[in-house]
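The values are calculated or read from the model by the stated rules, or taken from the named source; none is laboratory data. All values derive from a computational prediction rather than experimental measurement. Using ideal geometry, Cβ is built from the backbone for each residue, glycine included, and neighbour counts are taken over all protein chains shown. When the accessible area is computed, the model is the full protein with side chains, heavy atoms only, and any ligands, DNA or RNA have been set aside. Shrake-Rupley method; radii C 1.70, N 1.55, O 1.52, S 1.80 Å.
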Amino acid sequence: MTIVSDTEVAARAPYSTVLRKGETLAIVDLGGNQAVDFLCYDAADTAKRYSAAATISAQRNIFLTTGSVLRTGEGAPLLTVVGDTCGRHDTIGGACSKESNSLRYGQHTRYQHACVENFLTEGAKWGLAKRDLVSNVNWYMNVPVEQDGTLGIVDGISAPGMEVKLRAETDVLVLVSNCPQINNPCNGFDPTPVRMIVTGGDV
C-alpha cells in the first residue's frame, strides 16, 4: 500500500483531510486511552454527513468495530471500519464544549479548550460552520450503558499502539478533534498525541 500522508496530531489539536474513494485512514492511539472525536462528510456535498441514528439503526448496535459502516442520514455509506485492535468505540457520548464543560464541571472550566472549538476551527477551512456539526463518533472512548439506561464516561479500554482503520466508500471529508478533555477519564486526565496514516488502495 502507498502511504499518502502520515501525520502526528498533537494533544488537544484538530486535524482534517479528504479521503479519496478506496483510501484507508488508520487512527493510531500512540499513548493509549486517548479519545479521538470524529466527524465525516461527503466531500462533494457536505450536506450529506455522518448520522449516528442511521449508522446505529442499520447495524442495530450503538458501538462501532470491524465491519461497522458510517452512514449518512440517507443511509449512504461513507466509511467502513476494516480493522480495529481496540474492539469498541462510542457513538453517543458527544463532543465536549465550553458549555457542556461548565455545566458538568463548573464555571471555572468554561475557558478550557474543547472539541467543539476544534471542530469549528478546522471545519472553517472547508466552509463548515456550527450548523454543520452533528453527533460525532468518539474513537477509543469508553461510554458503557448501564442496565438502567444511564451512561458513564470511564477509563478507556485502549492501549498504546492500538488502531482503527477506515476505508472510504466515496470521497470523504474527515474532521478530527484530538480530545483535550481533562475533567473526566476519557483521556486518562492527560491528553496525548495520535497518528493519522492515509494509505491508497485496498487493505
Residue within segment 130-138 that is charged (D, E, K, R), free of Cβ contacts under 8 Å to residues at least 24 places away in the same chain and more than 15 Å from Ala13 (Cα to Cα) present = yes
Please tell me if Arg20 is at positive phi and at pLDDT 95 or above.
-> no
Answer yes if at least one residue in segment 80-96 is open to solvent by 30 Å² or more (accessible area, probe 1.4 Å) and farther than 24 Å from Met162 by Cβ, and no otherwise.
-> no
Which numbered condition trips up Asn187, out of (1) in contact with a strand residue (DSSP E or B) (Cβ under 6 Å, 6 or more places away or on another chain); (2) at pLDDT below 95?
-> (1)
Counting residues that are without any contact (Cβ under 8 Å) to a residue 40 or more places away in the chain, which strands (runs of 3 or more DSSP E) fully inside segment 1-89 reach at least 1?
-> 45-49, 69-71
Looking only at segment 191-199, decide whether some residue is surrounded by fewer than 20 Cβ atoms within 10 Å (Cβ to Cβ) and modelled with pLDDT under 90.
-> no
In segment 34-53, is there at least one residue being of a type in the set (S, T, N, Q) and either open to solvent by 60 Å² or more (accessible area, probe 1.4 Å) or farther than 22 Å from Val145 by Cα (or both)?
-> yes
Go through segment 1-22 and give me each residue that's more than 17 Å from the chain's Cα centre (by Cα) and open to solvent by less than 30 Å² (accessible area, probe 1.4 Å).
-> Gly22
